[in-house]
Amino acid sequence: MSDEDVRGPDRPETSGRTEQQIFDDQIARASGKTVVMFGGLGILAALVMSTVALVISASKNSTTVTVAATPAAGQTAGSGQAPQLTGDALGAQLFVSGKPDTGAIGCGSCHTMKAAGASGTIGPNLDKELTADPASAARESIVDPNKEIIPGYSANVMPTNYGTALTKPELDALVNYVYHSTNTKAKAKAKRASGKASTP
């Protein structure tokens with residue numbers, strides 16, 4: 001601000017402007033500075049918000065790319081969700097991994113069964129014990145494990161919650177998978193069926 005714009009009570013007016021004009025000029029300058037200051041703050045705020053939006057967008061996009069680039073087991077790239085397993089594929093998954101969210105542990109942690117690559121020794125070797133048993137015996141062993149105890153093993157070791165921790169389709173899939181993997185006749189039948197399927 002120049003000395004001409006602000007004059008004291010003892011200074012005469014030198015520029016020929018009225019007090020109103022000087023006052024108006026001062027208000028205009030102050031307003032201009034305020035507009036510039038708030039404009040600068042607005043630009044700064046816009047830059048910060050844009051940067052934040054870009055970071056969020058980049059993190060979402062990189063997550064999406066990662067999911068699409070490395071689908072989970074049984075998931076097709078870009079589908080967003082794993083397809084529902086059925087039959088022996090579901091039975092194999094339940095045998096190996098169980099269903100932790102309901103408390104059903106994987107059978108392979110305690111039992112040996114070659115088809116599942118399981119070598120647990122806490123419970124009986126299913127490849128030896130279930131070779132001639134029907135599917136109903138496999139079901140009974142799963143849902144009521146204390147009904148018949150194989151010599152050399154103790155009662156109340158195997159969990160008794162499979163009948164409630166698994167849905168009916170899951171339990172059916174697990175029973176059929178164990179049956180098809182251990183029963184000698186069922187394995188021979190499956191082998192014959194796959195031989196016929198591969199013959200033109």
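The values are calculated or read from the model by the stated rules, or taken from the named source; none is laboratory data. In this text, all values refer to a predicted model and were calculated from it rather than measured experimentally. Neighbour counts run over all protein chains shown; Cβ positions are idealised from the backbone, glycine included. Accessible surface areas use protein heavy atoms only, side chains included; no ligands, DNA or RNA. Shrake-Rupley method; radii C 1.70, N 1.55, O 1.52, S 1.80 Å.
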Largest-first ellipsoid semi-axes for segment 117-175, taking √(5λ) over the Cα gyration tensor eigenvalues, angstrom: 18, 14, 12
So for R0 = 45 Å, FRET eff. of Thr18-Leu41 from the Cβ-Cβ r, to 0.05, ends up at 0.85
If I model a spin label as a point 7 Å beyond the Cα along the Cα-Cβ vector, how far apart are those points for Ser136 and Ala28 in nm? 10.4
Separation of the Ser154 and Thr184 label points, Cα + 7 Å toward Cβ, nm: 3.3
Of Leu44, Leu94, which has the most accessible area with a 1.4 Å probe, and how do the rest follow in descending order? Leu44, Leu94
What is the sum of charges, Lys and Arg at +1 and Asp and Glu at -1, for the other residues whose Cβ falls under 15 Å from the Cβ of Ile149? -4
For segment 91-200, what log10 I(q)/I(0) values come out of the Debye formula at q = 0.11, 0.16 1/Å, with one point per alpha carbon and no solvent? -0.34, -0.69
